[in-house]
There are 2 protein chains.
Amino acid sequence: MRIITINREFGSGGREVGKRLADVLHYRYYDSEIINAISLESNMDEGYVSSMLESGSFWDFPITYGNTFASFAEPQSNLTRLLVAERRVILDIAKKGENCVIVGRNADEILHGYHPFKIFVYAEMHSKITRCMEREKDGSHMTEKEMKKRIERIDSSRRRRNQLVGGGKWGAKESYNLCVNTTGCEIKKIVPGIADYIKAWFESGHAE
Amino acid sequence: MRIITINREFGSGGREVGKRLADVLHYRYYDSEIINAISLESNMDEGYVSSMLESGSFWDFPITYGNTFASFAEPQSNLTRLLVAERRVILDIAKKGENCVIVGRNADEILHGYHPFKIFVYAEMHSKITRCMEREKDGSHMTEKEMKKRIERIDSSRRRRNQLVGGGKWGAKESYNLCVNTTGCEIKKIVPGIADYIKAWFESGHAE
């Protein structure tokens, strides 16, 4: 079984990298169905789950919980319940034994024992702002300055959530097998090269 | 013209990545001939040039010179003469207009205006120690502990030299287009994937 986990800066195109990698490699791609499964598992509304896990409500949570995930077993709050559910859902995916791509969801940490190939996708701020403005051009009417703030807030939340589940350093290259800078890149064009690299990596003797 | 620059942690296999990339892509590979050209340019002995630029004699040099490269024009010491010569040699290579791979030598900074594809190659310490011990198995008789110290010393020197020529942050992923973790990898097997990625990167509209 081959698992690819993707962490990414908001606006870097990491989710698109994940989808396209799964396409090119014929792997399962997990995304919204994870939120769905967590919602079922935790018995909480899907929209609520999504906003809790995506938005950045982590600021008020004591970071000292970092390495004591065990104590999460006793639900102390909705957030801990969600993180416990997330852990179970992600582990269940791995137990299916299929090759897959998982974007975000702390999968890199949760599945560490399965030796996934870990990617971090990042980009320069101007590139992330452009990508976000492009993506939402018919939706919100944020200024570039507001968008920059939003990007920074979401990334802070991702970093913090990663620490919370006892992860390596979010965004530090040492925590990943490959770090891809998408500044100025058309994601569609660069994905086949990443796929080739990953195939070679698994074939060069890495545990499967 | 396409230029690939490679920076690397000592023992990560970065030089082998460079050689093999040049082979696979049919690019010129520049390495020892750069030392040779610097030696001619600066009128200093090749062995001396090599030890000055490779070994880590940079500790005593004031780091405040960082962004004032212009003042280097007046030779103040052998080191400044060498750095000026290095700069000229690297720029001359670029002026030839050939596709090429350059390992180290601050080429990423010196050739910034040519929009090179910048790679950083790194690995976990245990992997770097193993690679170095393997490489020198018939030569020196360093212990693992001594080897670790040597690796750290050489990388400190590289970091410092990079700062000295006004570079971005050495080893920080933001300074590169791709960061490759070679821990547990057979370099030969992963290089074609990197080559595919680079081809796609240049073809996806990056300045040439």
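The values are calculated or read from the model by the stated rules, or taken from the named source; none is laboratory data. Quantities reported herein were computed from a predicted structural model and do not represent experimental measurements. So basically every Cβ, Gly included, is an ideal-geometry build from the backbone, and we count neighbours across all protein chains shown.
Quick notes
- Residue tally, condition loosely packed, with under 15 Cβ neighbours inside 10 Å and either under 14 Å from the mean Cα position of the chain (by Cα) or assigned to a loop (DSSP other than H, G, I, E, B) (or both), over the range A:83-100: 3
- Across the range A:34-48, not a single residue is classified as modelled with pLDDT of 95 or more, within 30 Å of A:Thr143 (Cβ to Cβ) and out of contact with any helix residue (DSSP H, G or I) (no Cβ under 8 Å at 6 or more places or on another chain).
- Qualifying residue in the range B:128-141 (condition: more than 10 Å from every other protein chain (Cβ to nearest Cβ) and either touching a Ser or Thr at 6+ places or on another chain (Cβ under 7 Å) or aromatic (Phe, Trp, Tyr) (or both)): yes
- Within the range A:183-193, the presence of a residue that is among the charged types (D, E, K, R), over 17 Å from the mean Cα position of the chain (by Cα) and modelled with pLDDT under 90 is excluded.
- Hey, A:Ile102 β-branched (Val, Ile, Thr), modelled with pLDDT of 90 or more and either closer than 28 Å to A:Met125 by Cβ or touching a strand residue (DSSP E or B) at 6+ places or on another chain (Cβ under 8 Å) (or both) or not: yes
- Among the residues examined, B:Arg135 qualifies as modelled with pLDDT under 90 and more than 18 Å from A:Cys179 (Cβ to Cβ).
- Candidates are the residues of the range A:154-191 that are surrounded by 17 or more Cβ atoms within 10 Å (Cβ to Cβ) and on the phi > 0 side of the Ramachandran plot; the one that is nearest to the other protein chains (Cβ to nearest Cβ) is A:Gly184.
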